[in-house]
Amino acid sequence: MVVSDVSQYTLLKGVGWKGVVVTLNRRARSEIAGVNQGYEIIAGHAVDLVVAQLQRNERGLPEAPRALLFPGRWVEKDYLETFAPTVPARRSKESNPGAGAQGAKG
């Protein structure tokens, strides 16, 4: 289940949800996997923009506002591995000597 916020995970957990849950808005020290939006980086760049405007003596709203885009970072948790479906390993011909001969015409 993909949720937009960790609070929704808390609600799912409260009603007994047993499946995997990931979030699009993962917070620090969260117990579920998801996307870290990098709010610290965004805040730092916002401060840099304001400082630059002050240094240029700009006041009020800019005529052409700047938009900054930062990619989120996927943060995985170990528990995902316990829920991941396992696929049986394919047996190689070496481990099953008769497998290669079954398809041969004789």
Built amide H within the under 5 Å cut-off of ARG26, gap 5+: VAL35, ASN36, GLN37
Rotationally averaged projected area of the range 1-53 (alpha carbon convex hull; nm²): 4.1
Chain lengthening between VAL75 and SER4 when straightened (0.36 nm per residue, less Cα-Cα): 24.1 nm
Rough spin-label spacing in nm, given labels placed 7 Å along Cα→Cβ, for VAL50 and ARG27: 2.2
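Values quoted throughout were computed directly from the atomic coordinates according to the rules given, and no laboratory measurement underlies them. For clarity, every value in this text was computed on a predicted model and none was experimentally measured. Positions of Cβ are backbone-derived with ideal geometry, glycine not excepted, and every protein chain shown enters the neighbour counts.
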